[in-house]
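Encoded as C-alpha coordinates, the structure appears first; notes follow it.
The values are calculated or read from the model by the stated rules, or taken from the named source; none is laboratory data. Just so it is clear, the structure is predicted and the values come from calculations on it, not from any experiment. A quick note on method: Cβ atoms are made from the backbone with ideal geometry, for glycine too, and the neighbour counts reach across all protein chains shown. Just so you know, the surface numbers come from the protein's heavy atoms only, side chains and all, with ligands and any DNA or RNA stripped out. Shrake-Rupley method; radii C 1.70, N 1.55, O 1.52, S 1.80 Å.
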Amino acid sequence: MSLPFPGPHPLHRVCFVMPFHIMEMRGGGAEVQAWILAKELSRRGFDVHYVAMSVRGKAGTSERVNGVTLHWLPYREHLRWVQSGKWYRALKEIDPDLVIQRMSSETTGVIGLYVRCHKKAFSWICTGDSMPRRWLYVSRQVEANRAKAPGAVKSLVFLADAAVRDVMRQLGMRCLTHAFTQNEAQRRSLKAAFGLESIRLPSGHEPPRGFSDAEWRRREAIVFWAGTLGPMKRPELFGELARRFEGREVRFVLAGDHADAAYRERVVAALPGNVEWLGRVPFEETLAWFDRAAVLVNTSPEGGEGFPNTFIQAWLRGVPVLTMGVDPDGIIHEHDLGDVARTVDELAAHLSHLLGDPLGYLRIAENVAAFARERFTVERVADCFLDALGAAPVAEMTS
(Lines give C-alpha, C1' and ligand atoms only; values in the text may rest on other atoms or scores of the structure.)
Protein backbone atom coordinates (compact mmCIF):
# COMPACT_ATOMS: atom_id res chain seq x y z
CA MET A 1 0.00 0.00 0.00
CA SER A 2 1.31 3.43 -0.85
CA LEU A 3 1.24 6.35 1.52
CA PRO A 4 -2.32 7.69 1.88
CA PHE A 5 -1.24 11.23 0.99
CA PRO A 6 0.71 12.92 -1.82
CA GLY A 7 4.43 13.32 -1.15
CA PRO A 8 6.24 12.66 2.13
CA HIS A 9 4.22 12.89 5.33
CA PRO A 10 5.19 15.85 7.55
CA LEU A 11 5.76 13.31 10.34
CA HIS A 12 7.87 10.99 8.19
CA ARG A 13 10.43 9.83 10.78
CA VAL A 14 8.70 7.99 13.59
CA CYS A 15 10.14 6.61 16.84
CA PHE A 16 8.46 4.18 19.22
CA VAL A 17 9.66 4.39 22.82
CA MET A 18 8.86 1.26 24.81
CA PRO A 19 10.42 -0.49 27.81
CA PHE A 20 10.97 -3.76 25.94
CA HIS A 21 10.68 -5.45 22.56
CA ILE A 22 8.59 -8.57 22.13
CA MET A 23 11.37 -10.34 20.19
CA GLU A 24 13.30 -10.61 23.48
CA MET A 25 10.26 -12.26 25.09
CA ARG A 26 9.77 -9.41 27.54
CA GLY A 27 6.80 -7.13 27.87
CA GLY A 28 3.26 -7.95 26.89
CA GLY A 29 0.35 -6.71 24.84
CA ALA A 30 1.62 -3.13 24.67
CA GLU A 31 4.90 -4.25 23.12
CA VAL A 32 3.08 -6.56 20.70
CA GLN A 33 0.83 -3.75 19.50
CA ALA A 34 3.70 -1.26 19.24
CA TRP A 35 5.73 -3.67 17.10
CA ILE A 36 2.80 -4.52 14.82
CA LEU A 37 2.10 -0.82 14.18
CA ALA A 38 5.82 -0.08 13.73
CA LYS A 39 6.13 -2.73 11.01
CA GLU A 40 2.99 -1.51 9.25
CA LEU A 41 4.17 2.12 9.21
CA SER A 42 7.51 0.97 7.82
CA ARG A 43 5.69 -1.00 5.12
CA ARG A 44 3.87 2.21 4.15
CA GLY A 45 7.11 4.10 3.63
CA PHE A 46 7.76 5.75 6.99
CA ASP A 47 11.27 5.83 8.47
CA VAL A 48 10.53 3.90 11.68
CA HIS A 49 12.72 3.55 14.78
CA TYR A 50 12.12 1.70 18.05
CA VAL A 51 13.98 2.37 21.32
CA ALA A 52 13.85 -0.19 24.15
CA MET A 53 15.92 -1.75 26.91
CA SER A 54 17.64 -5.02 26.08
CA VAL A 55 17.61 -7.92 28.52
CA ARG A 56 19.97 -9.91 26.27
CA GLY A 57 23.12 -7.81 26.33
CA LYS A 58 22.51 -5.71 23.21
CA ALA A 59 22.74 -2.32 24.97
CA GLY A 60 24.51 0.31 22.88
CA THR A 61 23.83 -1.44 19.58
CA SER A 62 21.24 -1.06 16.85
CA GLU A 63 19.85 -3.43 14.24
CA ARG A 64 17.30 -3.39 11.45
CA VAL A 65 14.40 -5.84 11.65
CA ASN A 66 11.43 -5.91 9.26
CA GLY A 67 12.32 -2.44 8.01
CA VAL A 68 12.43 -0.95 11.53
CA THR A 69 15.66 0.26 13.17
CA LEU A 70 15.93 -0.99 16.75
CA HIS A 71 18.04 0.96 19.25
CA TRP A 72 18.96 -0.93 22.43
CA LEU A 73 19.55 0.67 25.85
CA PRO A 74 20.78 -0.91 29.12
CA TYR A 75 18.27 -2.82 31.23
CA ARG A 76 17.48 -1.72 34.79
CA GLU A 77 15.05 -3.42 37.13
CA HIS A 78 14.71 -0.50 39.57
CA LEU A 79 15.38 3.25 39.52
CA ARG A 80 15.00 3.32 35.75
CA TRP A 81 14.66 7.08 35.76
CA VAL A 82 18.39 7.45 36.56
CA GLN A 83 19.18 6.68 32.93
CA SER A 84 16.77 9.27 31.54
CA GLY A 85 19.73 10.91 29.83
CA LYS A 86 20.31 7.80 27.72
CA TRP A 87 16.70 7.85 26.49
CA TYR A 88 16.92 11.57 25.73
CA ARG A 89 20.20 11.19 23.81
CA ALA A 90 18.74 8.33 21.79
CA LEU A 91 15.80 10.49 20.77
CA LYS A 92 18.06 13.42 19.93
CA GLU A 93 20.26 11.23 17.72
CA ILE A 94 17.28 9.70 15.90
CA ASP A 95 15.60 13.13 15.56
CA PRO A 96 12.06 11.80 14.95
CA ASP A 97 9.22 14.01 13.77
CA LEU A 98 6.80 11.93 15.83
CA VAL A 99 7.33 9.92 19.02
CA ILE A 100 4.83 7.15 19.81
CA GLN A 101 4.43 5.51 23.19
CA ARG A 102 1.92 2.73 23.83
CA MET A 103 1.99 2.81 27.64
CA SER A 104 3.26 5.28 30.23
CA SER A 105 6.29 5.32 32.50
CA GLU A 106 9.13 7.61 33.54
CA THR A 107 10.14 7.75 29.87
CA THR A 108 6.89 9.63 29.18
CA GLY A 109 8.54 12.57 30.94
CA VAL A 110 11.70 12.18 28.88
CA ILE A 111 9.65 12.18 25.68
CA GLY A 112 7.76 15.23 26.90
CA LEU A 113 11.00 17.15 27.44
CA TYR A 114 12.31 16.13 24.03
CA VAL A 115 9.19 17.10 22.07
CA ARG A 116 8.84 20.40 23.95
CA CYS A 117 12.45 21.39 23.34
CA HIS A 118 12.49 20.34 19.68
CA LYS A 119 8.88 21.12 18.68
CA LYS A 120 8.03 17.55 17.74
CA ALA A 121 4.77 15.58 17.89
CA PHE A 122 3.96 13.05 20.62
CA SER A 123 1.26 10.38 20.25
CA TRP A 124 0.33 8.45 23.38
CA ILE A 125 -1.75 5.28 23.17
CA CYS A 126 -3.49 3.94 26.27
CA THR A 127 -3.06 0.21 26.85
CA GLY A 128 -5.02 -0.54 30.02
CA ASP A 129 -7.87 0.89 32.02
CA SER A 130 -5.51 1.81 34.90
CA MET A 131 -3.00 3.67 32.68
CA PRO A 132 -4.63 7.13 32.94
CA ARG A 133 -4.37 7.16 36.76
CA ARG A 134 -2.17 10.02 37.98
CA TRP A 135 -0.50 8.00 40.74
CA LEU A 136 -0.42 4.65 38.96
CA TYR A 137 2.99 3.43 40.13
CA VAL A 138 2.59 4.71 43.68
CA SER A 139 -0.69 2.84 44.09
CA ARG A 140 0.85 -0.33 42.66
CA GLN A 141 3.87 -0.04 44.96
CA VAL A 142 1.70 0.46 48.04
CA GLU A 143 -0.08 -2.79 47.18
CA ALA A 144 3.24 -4.57 46.51
CA ASN A 145 4.73 -3.38 49.82
CA ARG A 146 1.65 -4.58 51.65
CA ALA A 147 1.77 -7.99 49.95
CA LYS A 148 5.52 -8.67 50.11
CA ALA A 149 6.56 -6.70 53.24
CA PRO A 150 10.13 -5.96 52.02
CA GLY A 151 11.04 -4.05 55.20
CA ALA A 152 10.80 -0.38 56.16
CA VAL A 153 13.86 0.91 54.29
CA LYS A 154 13.20 -0.95 51.04
CA SER A 155 9.51 -0.02 51.19
CA LEU A 156 10.41 3.68 51.38
CA VAL A 157 12.98 3.41 48.58
CA PHE A 158 10.55 1.54 46.31
CA LEU A 159 7.78 4.04 47.11
CA ALA A 160 10.06 7.00 46.37
CA ASP A 161 11.06 5.37 43.07
CA ALA A 162 7.39 4.94 42.18
CA ALA A 163 6.66 8.57 43.05
CA VAL A 164 9.45 9.81 40.77
CA ARG A 165 8.10 7.67 37.94
CA ASP A 166 4.60 9.06 38.41
CA VAL A 167 5.75 12.68 38.53
CA MET A 168 7.70 12.16 35.29
CA ARG A 169 4.62 10.54 33.74
CA GLN A 170 2.48 13.50 34.72
CA LEU A 171 4.94 16.01 33.28
CA GLY A 172 5.15 14.06 30.03
CA MET A 173 1.39 13.80 29.67
CA ARG A 174 1.24 17.61 29.48
CA CYS A 175 3.18 17.46 26.21
CA LEU A 176 0.98 15.13 24.15
CA THR A 177 -0.15 16.24 20.72
CA HIS A 178 -2.41 13.22 20.20
CA ALA A 179 -3.95 10.88 22.79
CA PHE A 180 -5.60 7.57 21.91
CA THR A 181 -7.77 5.30 24.06
CA GLN A 182 -9.26 1.86 23.47
CA ASN A 183 -12.63 2.17 25.17
CA GLU A 184 -15.05 4.54 26.89
CA ALA A 185 -13.74 3.81 30.39
CA GLN A 186 -10.23 4.88 29.36
CA ARG A 187 -11.55 7.99 27.62
CA ARG A 188 -13.37 9.10 30.78
CA SER A 189 -10.40 8.31 33.03
CA LEU A 190 -7.95 10.21 30.85
CA LYS A 191 -10.25 13.22 30.77
CA ALA A 192 -10.73 13.15 34.54
CA ALA A 193 -7.06 12.61 35.44
CA PHE A 194 -5.31 14.82 32.88
CA GLY A 195 -8.04 16.91 31.25
CA LEU A 196 -7.21 15.40 27.86
CA GLU A 197 -9.59 14.49 25.08
CA SER A 198 -8.70 11.35 23.15
CA ILE A 199 -9.35 9.57 19.90
CA ARG A 200 -10.65 5.99 19.85
CA LEU A 201 -8.06 3.63 18.38
CA PRO A 202 -8.70 -0.13 18.21
CA SER A 203 -5.95 -2.66 18.56
CA GLY A 204 -5.15 -4.79 15.54
CA HIS A 205 -3.18 -7.77 14.34
CA GLU A 206 -1.80 -9.13 11.13
CA PRO A 207 -4.28 -11.49 9.44
CA PRO A 208 -3.41 -15.15 10.05
CA ARG A 209 -1.77 -17.03 7.20
CA GLY A 210 -4.01 -20.01 7.82
CA PHE A 211 -5.85 -21.80 10.59
CA SER A 212 -7.84 -24.96 11.18
CA ASP A 213 -11.49 -25.08 10.12
CA ALA A 214 -14.17 -24.54 12.72
CA GLU A 215 -15.53 -28.08 12.90
CA TRP A 216 -12.04 -29.57 13.38
CA ARG A 217 -11.34 -27.09 16.17
CA ARG A 218 -14.64 -27.88 17.89
CA ARG A 219 -13.95 -31.62 17.79
CA GLU A 220 -10.39 -31.21 19.06
CA ALA A 221 -11.81 -29.05 21.88
CA ILE A 222 -8.66 -27.11 22.81
CA VAL A 223 -9.57 -24.49 25.42
CA PHE A 224 -6.79 -21.90 25.48
CA TRP A 225 -5.67 -19.33 28.06
CA ALA A 226 -2.79 -16.96 27.25
CA GLY A 227 -1.29 -14.09 29.22
CA THR A 228 0.89 -13.13 32.16
CA LEU A 229 0.30 -15.29 35.24
CA GLY A 230 -0.36 -12.22 37.38
CA PRO A 231 -2.92 -11.96 40.18
CA MET A 232 -5.05 -9.57 38.12
CA LYS A 233 -5.36 -12.20 35.36
CA ARG A 234 -6.69 -14.79 37.86
CA PRO A 235 -5.27 -17.90 36.12
CA GLU A 236 -6.41 -20.02 39.08
CA LEU A 237 -9.98 -19.63 37.78
CA PHE A 238 -8.92 -21.36 34.56
CA GLY A 239 -7.87 -24.27 36.75
CA GLU A 240 -11.26 -24.26 38.46
CA LEU A 241 -12.94 -24.35 35.05
CA ALA A 242 -10.79 -27.29 33.97
CA ARG A 243 -11.74 -29.26 37.10
CA ARG A 244 -15.36 -29.20 36.00
CA PHE A 245 -14.35 -31.04 32.82
CA GLU A 246 -12.11 -33.74 34.32
CA GLY A 247 -12.74 -37.04 32.57
CA ARG A 248 -14.17 -35.37 29.47
CA GLU A 249 -12.46 -35.03 26.09
CA VAL A 250 -11.63 -31.35 26.47
CA ARG A 251 -8.02 -30.17 26.38
CA PHE A 252 -7.10 -27.19 28.57
CA VAL A 253 -3.88 -25.36 27.62
CA LEU A 254 -2.40 -22.45 29.59
CA ALA A 255 0.43 -20.32 28.16
CA GLY A 256 2.11 -17.73 30.38
CA ASP A 257 4.71 -17.02 33.02
CA HIS A 258 5.47 -14.60 35.82
CA ALA A 259 8.70 -12.95 37.00
CA ASP A 260 7.94 -13.91 40.62
CA ALA A 261 9.02 -17.56 40.65
CA ALA A 262 7.39 -18.30 44.02
CA TYR A 263 4.04 -16.93 42.84
CA ARG A 264 4.30 -18.83 39.55
CA GLU A 265 5.06 -22.09 41.34
CA ARG A 266 2.03 -21.67 43.60
CA VAL A 267 -0.25 -21.05 40.62
CA VAL A 268 1.08 -23.96 38.56
CA ALA A 269 1.07 -26.38 41.52
CA ALA A 270 -2.62 -25.64 42.11
CA LEU A 271 -3.65 -26.46 38.52
CA PRO A 272 -5.51 -29.76 38.03
CA GLY A 273 -3.97 -32.58 36.03
CA ASN A 274 -6.02 -31.85 32.91
CA VAL A 275 -4.34 -28.46 32.37
CA GLU A 276 -1.21 -28.34 30.20
CA TRP A 277 1.02 -25.46 31.33
CA LEU A 278 3.35 -24.31 28.54
CA GLY A 279 5.23 -21.61 30.46
CA ARG A 280 6.51 -18.59 28.56
CA VAL A 281 5.88 -19.17 24.87
CA PRO A 282 7.44 -17.25 21.93
CA PHE A 283 4.98 -15.01 20.11
CA GLU A 284 4.85 -17.07 16.90
CA GLU A 285 4.29 -20.27 18.86
CA THR A 286 1.42 -18.63 20.74
CA LEU A 287 -0.20 -17.73 17.42
CA ALA A 288 0.07 -21.39 16.37
CA TRP A 289 -2.00 -22.33 19.42
CA PHE A 290 -4.62 -19.75 18.45
CA ASP A 291 -4.74 -21.39 15.01
CA ARG A 292 -5.84 -24.66 16.65
CA ALA A 293 -7.92 -23.48 19.61
CA ALA A 294 -11.68 -23.98 19.82
CA VAL A 295 -12.25 -21.37 22.53
CA LEU A 296 -10.21 -18.65 24.24
CA VAL A 297 -10.87 -18.11 27.95
CA ASN A 298 -10.09 -14.85 29.75
CA THR A 299 -10.39 -14.82 33.56
CA SER A 300 -9.51 -11.17 34.31
CA PRO A 301 -12.13 -9.19 36.23
CA GLU A 302 -14.25 -6.47 34.67
CA GLY A 303 -12.02 -3.41 34.15
CA GLY A 304 -8.88 -5.53 34.59
CA GLU A 305 -7.73 -5.09 30.99
CA GLY A 306 -8.24 -2.45 28.31
CA PHE A 307 -8.70 -4.40 25.08
CA PRO A 308 -6.79 -7.70 25.29
CA ASN A 309 -4.60 -8.61 22.33
CA THR A 310 -5.66 -12.21 22.81
CA PHE A 311 -9.27 -11.32 21.91
CA ILE A 312 -8.20 -10.03 18.51
CA GLN A 313 -5.78 -12.88 17.89
CA ALA A 314 -8.64 -15.30 18.58
CA TRP A 315 -11.36 -13.49 16.64
CA LEU A 316 -9.27 -13.14 13.48
CA ARG A 317 -9.15 -16.94 13.47
CA GLY A 318 -12.85 -17.39 14.16
CA VAL A 319 -12.28 -18.42 17.80
CA PRO A 320 -15.02 -17.28 20.21
CA VAL A 321 -14.00 -15.76 23.55
CA LEU A 322 -15.41 -16.64 26.96
CA THR A 323 -14.62 -14.13 29.71
CA MET A 324 -15.29 -13.59 33.39
CA GLY A 325 -15.79 -9.86 33.19
CA VAL A 326 -13.71 -8.22 30.47
CA ASP A 327 -16.00 -6.98 27.68
CA PRO A 328 -14.73 -3.63 26.33
CA ASP A 329 -17.73 -1.37 25.68
CA GLY A 330 -19.94 -4.49 25.62
CA ILE A 331 -18.49 -5.63 22.27
CA ILE A 332 -18.72 -9.37 23.01
CA HIS A 333 -22.36 -9.22 24.06
CA GLU A 334 -23.43 -6.78 21.33
CA HIS A 335 -21.77 -8.56 18.41
CA ASP A 336 -22.08 -12.21 19.52
CA LEU A 337 -18.34 -12.83 19.79
CA GLY A 338 -18.57 -15.28 22.70
CA ASP A 339 -20.04 -14.96 26.18
CA VAL A 340 -19.42 -13.15 29.46
CA ALA A 341 -19.86 -15.11 32.70
CA ARG A 342 -20.10 -13.97 36.31
CA THR A 343 -19.02 -17.27 37.89
CA VAL A 344 -16.94 -20.32 36.98
CA ASP A 345 -20.14 -22.36 36.86
CA GLU A 346 -21.59 -19.98 34.25
CA LEU A 347 -18.33 -20.15 32.33
CA ALA A 348 -18.48 -23.95 32.33
CA ALA A 349 -22.07 -23.88 31.09
CA HIS A 350 -21.16 -21.54 28.21
CA LEU A 351 -18.21 -23.76 27.28
CA SER A 352 -20.28 -26.94 27.33
CA HIS A 353 -22.93 -25.31 25.14
CA LEU A 354 -20.38 -24.08 22.58
CA LEU A 355 -18.54 -27.38 22.23
CA GLY A 356 -21.74 -29.42 22.19
CA ASP A 357 -23.54 -27.51 19.42
CA PRO A 358 -21.87 -28.10 16.02
CA LEU A 359 -24.13 -25.80 14.00
CA GLY A 360 -24.12 -23.10 16.67
CA TYR A 361 -20.34 -23.21 16.92
CA LEU A 362 -19.95 -22.93 13.15
CA ARG A 363 -22.29 -19.93 13.06
CA ILE A 364 -20.49 -18.05 15.82
CA ALA A 365 -17.04 -18.91 14.40
CA GLU A 366 -17.98 -17.49 10.99
CA ASN A 367 -19.48 -14.37 12.59
CA VAL A 368 -16.42 -13.80 14.79
CA ALA A 369 -13.97 -14.09 11.87
CA ALA A 370 -15.98 -11.77 9.61
CA PHE A 371 -16.34 -9.16 12.35
CA ALA A 372 -12.63 -9.22 13.16
CA ARG A 373 -11.55 -8.92 9.52
CA GLU A 374 -13.67 -5.78 9.24
CA ARG A 375 -12.54 -4.14 12.49
CA PHE A 376 -9.22 -5.45 13.77
CA THR A 377 -6.62 -5.88 11.05
CA VAL A 378 -3.40 -3.91 11.40
CA GLU A 379 -4.19 -2.15 8.11
CA ARG A 380 -7.38 -0.73 9.58
CA VAL A 381 -5.64 0.34 12.78
CA ALA A 382 -2.89 2.10 10.83
CA ASP A 383 -5.51 3.85 8.69
CA CYS A 384 -7.28 5.10 11.84
CA PHE A 385 -3.98 6.23 13.36
CA LEU A 386 -2.85 8.14 10.28
CA ASP A 387 -6.29 9.71 9.82
CA ALA A 388 -6.09 10.95 13.42
CA LEU A 389 -2.66 12.48 12.85
CA GLY A 390 -4.21 14.53 10.05
CA ALA A 391 -6.97 15.76 12.36
CA ALA A 392 -6.68 18.53 14.94
CA PRO A 393 -4.21 17.53 17.70
CA VAL A 394 -5.25 17.58 21.34
CA ALA A 395 -2.50 20.13 21.93
CA GLU A 396 -0.22 22.25 19.78
CA MET A 397 3.51 21.57 19.69
CA THR A 398 5.12 24.10 21.96
CA SER A 399 8.53 25.63 22.24
Approximate spin-label separation Arg373-Glu77, in nm, with each point projected 7 Å along Cα-to-Cβ: 4.7
Share of carbon and sulfur in the accessible heavy-atom surface of the chain [1.4 Å probe, %]: 53
Ratio Rg/Rh [Cα only; Rh per Kirkwood] for segment 58-162: 1.02
Segment 121-256: projected area of the alpha-carbon convex hull, averaged over directions, in nm²: 12.4
GNM top mover of Ala365, Ala179, Ala348 - the chain, alpha-carbon springs below 10 Å: Ala348
Cβ-based net charge around Pro272, under 15 Å, with every Lys or Arg adding one and every Asp or Glu removing one: +1
With Cα atoms, 0 to 90° folded angle of helix 152-173 axis to the chain main axis: 70
GluC sites (Glu not before Pro) restricted to DSSP loop in segment 299-399 with at most 12 other C-beta within 10 Å: Glu396
Selected from Ala162, Ala38, Ala152 as most flexible by GNM, with the chain as the system and alpha-carbon contacts under 10 Å: Ala152
Reciprocal mean inverse distance between Cα atoms of segment 201-322 - Kirkwood radius, Å: 14.8
At R0 = 30 Å, FRET efficiency that the Cβ-Cβ distance of His12 and Glu184 yields, to 0.05: 0.35
Inter-probe distance in nm under a simple model that places probes 7 Å from Cα toward Cβ, at Arg200 and Arg266: 4.0
Neighbour net charge for Trp72 - beta-carbon separation under 11 angstrom, K R +1, D E -1: +1
Segment 174-237, relative contact order in percent, only Cα pairs under 8 angstrom and at least six apart counted: 24
Solvent-accessible surface (1.4 angstrom probe) belonging to Glu215, in square angstrom, nearest 10: 60
Rh (Kirkwood; distinct C-alpha pairs) - segment 288-343, Å: 11.2
Reported label for calculated semi-axes √(5λ) of the Cα gyration tensor in Å given [x] 47, 26, 18; [y] 35, 26, 19; [z] 68, 28, 17: [y]
Förster-model FRET efficiency, 30 Å R0, Lys119 and Arg43, C-beta, rounded to 0.05: 0.60
List Ile312, Ile199, ordered by accessible area with a 1.4 Å probe, largest first: Ile199, Ile312
Over segment 137-182 - Rg/Rh using Cα atoms and the Kirkwood inverse-distance radius: 1.16
Mean residue ellipticity (222 nm) of the chain, computed from DSSP H runs ≥ 4 via -39,500 (n - 2.57), nearest 500: -13500 deg cm²/dmol
For segment 190-234: rounded, prolate or oblate by the Cα gyration tensor [a/c cutoff 1.5]: oblate
Number of Lys pairs (Cα under 21 Å; 8 or more positions apart or on different chains) in the chain: 8
Among Arg43, Arg219, Arg248: highest mean-square fluctuation, GNM of the chain, C-alpha pairs under 10 Å: Arg248
Under 5 Å, built H, 5+ apart or other chain: amide partners of Met53: Phe20, Leu73
Charge context of Glu220, other residues only, Cβ under 15 angstrom, K/R +1, D/E -1: +2
Surface/4 of the Cα convex hull for segment 91-152, nm²: 5.8
Arg80 accessible area, assembled protein chains, probe 1.4 Å, Å²: 40
Gyration tensor over alpha-carbon atoms, segment 260-399, equivalent ellipsoid semi-axes in Å: 30, 22, 16
Accessible area of the chain divided out per residue, in Å², using a probe of 1.4 angstrom: 43
In degrees, nearest ten, helix 378-390 long axis to first principal axis of the chain (Cα): 30
